[in-house]
1. To the nearest 20 debye, what charge dipole does region A:69-113 have about its Cα centre, counting +1 at the Cβ of each Lys and Arg and -1 at the Cβ of each Asp and Glu?
2. Explain nothing, just the number: relative contact order of region B:1-53, from Cα pairs under 8 Å at least 6 residues apart, as a whole percent.
3. Taking the Cα centre of chain A as origin, work out the dipole magnitude from +1 charges on Lys and Arg Cβ and -1 charges on Asp and Glu Cβ, in debye rounded to 20.
4. Could you check what % of the DSSP bridge pairs in chain A are antiparallel, to the nearest 5?
5. In Å, the Kirkwood hydrodynamic radius of region A:1-76 over pairs of distinct alpha carbons?
6. Protein chains only, probe 1.4 Å: how do A:K68, A:K61, A:K78 rank by accessible area, largest first?
7. Can you list which of the trypsin sites (Lys or Arg not before Pro) found in region B:12-56 are DSSP loop residues with at most 15 other C-beta atoms within 10 Å?
8. Which is the longest run of chain B containing none of the GluC sites (Glu not before Pro) found in DSSP loop states (not H, G, I, E, B) with at most 14 other C-beta atoms within 10 Å?
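The values are calculated or read from the model by the stated rules, or taken from the named source; none is laboratory data. Predicted, not measured: the structure shown is a model, and the values here were computed from it. When we count neighbours, we look across all protein chains shown, and the Cβ atoms used for this are built from the backbone with ideal geometry, even at glycine. Surface accessibility is based on the protein's heavy atoms, side chains included, excluding ligands, DNA and RNA. Shrake-Rupley method; radii C 1.70, N 1.55, O 1.52, S 1.80 Å.
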Amino acid sequence: AQSVTQPDIHITVSEGASLELRCNYSYGATPYLFWYVQSPGQGLQLLLKYFSGDTLVQGIKGFEAEFKRSQSSFNLRKPSVHWSDAAEYFCAVGGTGRRALTFGSGTRLQVQP
Amino acid sequence: DAGVTQSPTHLIKTRGQQVTLRCSPKSGHDTVSWYQQALGQGPQFIFQYYEEEERQRGNFPDRFSGHQFPNYSSELNVNALWLGDSALYLCASSSKTSGPSYNEQFFGPGTRLTVL
């Protein structure tokens with residue numbers, strides 16, 4: 001069975017500081033990995049995705065993530081956080097074809113001025 | 001280009017009632033998936049429709065049912081509502097061009113259902 005673990009429920013960083021959100025997955029085949037962001041009361045916006053190729057992927061809003069197959073991880077990073085980045089972040093895994101996505105439980109990011 | 005749209009935005013029902021939620025996929029998308037997101041949790045897959053049939057189903061009871069229309073729009077129906085059905089219901093759409101074989105899903109803003 002596929003699963004996603006986001007170990008950090010809540011993270012607080014200062015504006016301008018760097019950020020890393022952790023994601024570990026379990027999937028029996030080639031994983032397709034995603035990071036989504038959700039602002040309060042809103043739907044999910046895709047930040048970035050990994051299908052194949054270069055293991056370091058760039059996304060929107062200055063985010064990047066690195067796929068590490070040996071560690072079953074897909075951590076999200078940003079070098080300098082802005083106050084507008086405060087939101088809930090979800091990591092998800094899917095597969096080929098019309099596979100359903102399995103989400104982690106999310107990490108809530110708070111940004112201090 | 002309109003994205004995924006959902007209606008209504010908010011809904012309040014009482015226990016035992018039935019509810020229908022609606023979703024219009026992104027233009028050009030033919031596959032619709034529904035997810036339930038309880039407060040403080042990640043979305044959980046309910047089911048997926050394409051070619052007007054249910055193709056995959058998550059761990060949800062038969063009280064949850066759906067439909068897809070020829071224009072690819074979809075409905076989610078929930079019967080015999082109980083308090084635990086209170087959640088944000090998200091619709092996602094995908095197509096052959098949204099990633100390798102339909103991988104990337106585009107989400108709507110969701111319908112917030114409250115069951116009293």
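1. Taking the Cα centre of region A:69-113 as origin, the dipole is about 240 debye.
2. Computed over region B:1-53, the figure is 29 percent.
3. It works out to roughly 340 debye.
4. Counting DSSP beta bridges with both partners in chain A, the antiparallel share is about 85 percent.
5. After inverting the mean inverse Cα-Cα distance, the result is 13.5 Å.
6. Greatest to least solvent exposure: A:K61, A:K68, A:K78.
7. Loop-located and lightly packed - B:R15.
8. That gives B:53-116 as the longest site-free run.
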